[in-house]
Amino acid sequence: MAITLYHYWRSSSSWRVRWALAHKKIPFEAVPVNLLQGEQHQPEHRSRNEVGYVPVLRIDGHLLAESVAICEYLEETRPEAPLLPVAPYLRARMRQLVELVNADTQPLQNLLVLHRVGEGKKEWAQFFIQRGLHAVEAALRSLRAEGHQGPFALGESLTMADLYLTPQLYNARRFEVDLTPFPLALQAEAAALATESGRASHPDAWQPAG
Ligand SMILES: N[C@@H](CCC(=O)N[C@@H](CS)C(=O)NCC(=O)O)C(=O)O
């Protein structure tokens, strides 16, 4: 059965799922939902996801929303090319990094929230992105101190942590956040972007022509 991803090329949450699919070499059809034109608020998309967010994945006869739920479903149903570490402790640290982005950073700088903030939205976004990245950097520092060296966030393999951290850094640049205080995050990003799946899922590869 065909797999369909409803996404937007520049959405960092969509990139996470495109990346998981690319890493696992799972073919899919991509259907764009243009966030700038408000297509996420149309009944057609709201029937896929009540909160009107992308990504949504149609897979195995189901419609799945929320990138963490989607990535973990892919991992559990298609375990080849794993994206979760095996050891429970490293899994917990991976989820810590994922949630620092997914729960504590990205939701505070998404389109809907910035629209509500109105004036001063760029400074608002910068504040929460910096705050989130400082927490990520501290988590990476403690992992390195425990002997979990890079180059990826958790060590020698790409994991879900990288699929969240790298798109968040992409967002940080869009908001002109100074990234010099985050050398470990940048090191992990460089390794993640050097992968084939990183390049194939990158927004630049999905930007509509014209
Ligand atoms: N936690 C959600 C976040 C989804 C989300 O925030 N998506 C953004 C794009 S990155 C969106 O659809 N925004 C539309 C809007 O703000 O109107 C996930 O991981 O899937």
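The values are calculated or read from the model by the stated rules, or taken from the named source; none is laboratory data. Computed from a predicted model, the values in this text were never measured in an experiment. Positions of Cβ are generated from backbone atoms using ideal geometry, with glycine treated the same way; all protein chains shown enter the neighbour counts. Ligands, DNA and RNA are stripped out before the accessible areas are found, and what is left, the full protein with its side chains, is counted by its heavy atoms. Shrake-Rupley method; radii C 1.70, N 1.55, O 1.52, S 1.80 Å.
So in the stretch 191-210, with the set limited to residues that are aliphatic (A, V, I, L, M) and within 20 Å of ALA20 (Cβ to Cβ), which one is least open to solvent (accessible area, probe 1.4 Å)? Reasoning before the result, please.
Of the residues in the stretch 191-210, the ones aliphatic (A, V, I, L, M) are 191-194, 200, 205, 209.
With within 20 Å of ALA20 (Cβ to Cβ) added as a condition, the list becomes 191-194, 200, 205.
Details: ALA191: 17, ALA192: 0, LEU193: 55, ALA194: 65, ALA200: 53, ALA205: 64 Å².
It comes out as ALA192.
I'd like to verify a number: residues in the stretch 180-202 that are in contact with a helix residue (DSSP H, G or I) (Cβ under 6 Å, 6 or more places away or on another chain), more than 17 Å from GLU99 (Cβ to Cβ) and of a type outside the set (S, T, N, Q), how many?
Counting residues in the stretch 180-202 that are in contact with a helix residue (DSSP H, G or I) (Cβ under 6 Å, 6 or more places away or on another chain), more than 17 Å from GLU99 (Cβ to Cβ) and of a type outside the set (S, T, N, Q) gives 6.
How many of the residues making up the stretch 69-104 are crowded, with 18+ Cβ neighbours inside 10 Å and either within 11 Å of the ligand (Cβ to nearest atom) or among the aromatic types (Phe, Trp, Tyr) (or both)?
5
If you check LEU36 against the conditions, is it farther than 21 Å from PRO203 by Cα and either away from the ligand (no atom under 12 Å from the Cβ) or not in a helix (DSSP H, G or I) (or both)?
Values: farther than 21 Å from PRO203 by Cα: no; either away from the ligand (no atom under 12 Å from the Cβ) or not in a helix (DSSP H, G or I) (or both): yes.
Judged against the criteria, LEU36 is not a match.
Of all helices (runs of 4 or more DSSP H) completely enclosed by the stretch 103-210, which ones contain at least 3 residues that are modelled with pLDDT of 95 or more and farther than 30 Å from GLU80 by Cβ? Before you say what the answer is, go through the steps one by one.
Details: elements: 111-117, 121-145, 160-174, 183-193, 196-201, 203-206.
Hits in the stretch 103-210: 111-117, 121-145, 160-174.
Checking TRP9 against (1) open to solvent by 50 Å² or more (accessible area, probe 1.4 Å); (2) under 22 Å from GLN207 (Cα atoms); (3) outside any helix (DSSP H, G or I); (4) within 15 Å of the ligand (Cβ to nearest atom): exactly one of these is not met. Which one?
If we test TRP9 against (1) open to solvent by 50 Å² or more (accessible area, probe 1.4 Å); (2) under 22 Å from GLN207 (Cα atoms); (3) outside any helix (DSSP H, G or I); (4) within 15 Å of the ligand (Cβ to nearest atom), just (1) comes out false.
Identify all residues within the stretch 48-73 that are out of contact with any strand residue (DSSP E or B) (no Cβ under 8 Å at 6 or more places or on another chain), of a type in the set (Gly, Ala, Ser) and either modelled with pLDDT under 95 or not in a loop (DSSP other than H, G, I, E, B) (or both); write none if there are none.
SER67, ALA69 - these are the residues of the stretch 48-73 that are out of contact with any strand residue (DSSP E or B) (no Cβ under 8 Å at 6 or more places or on another chain), of a type in the set (Gly, Ala, Ser) and either modelled with pLDDT under 95 or not in a loop (DSSP other than H, G, I, E, B) (or both).
Of all residues in the stretch 112-142, how many are within 11 Å of the ligand (Cβ to nearest atom) and surrounded by 15 or more Cβ atoms within 10 Å (Cβ to Cβ)? Steps first, please.
Keep residues of the stretch 112-142 that are within 11 Å of the ligand (Cβ to nearest atom), which gives 112-116.
Next, from what is left, pick out any that are surrounded by 15 or more Cβ atoms within 10 Å (Cβ to Cβ): 113-114.
Within the stretch 112-142, residues that are within 11 Å of the ligand (Cβ to nearest atom) and surrounded by 15 or more Cβ atoms within 10 Å (Cβ to Cβ) number 2.
Among residues belonging to the stretch 12-33 that are open to solvent by 40 Å² or more (accessible area, probe 1.4 Å) and in a loop (DSSP other than H, G, I, E, B), point out the one that is nearest to LEU158 (Cα to Cα).
Of everything passing the filter in the stretch 12-33, LYS25 is nearest to LEU158 (Cα to Cα).
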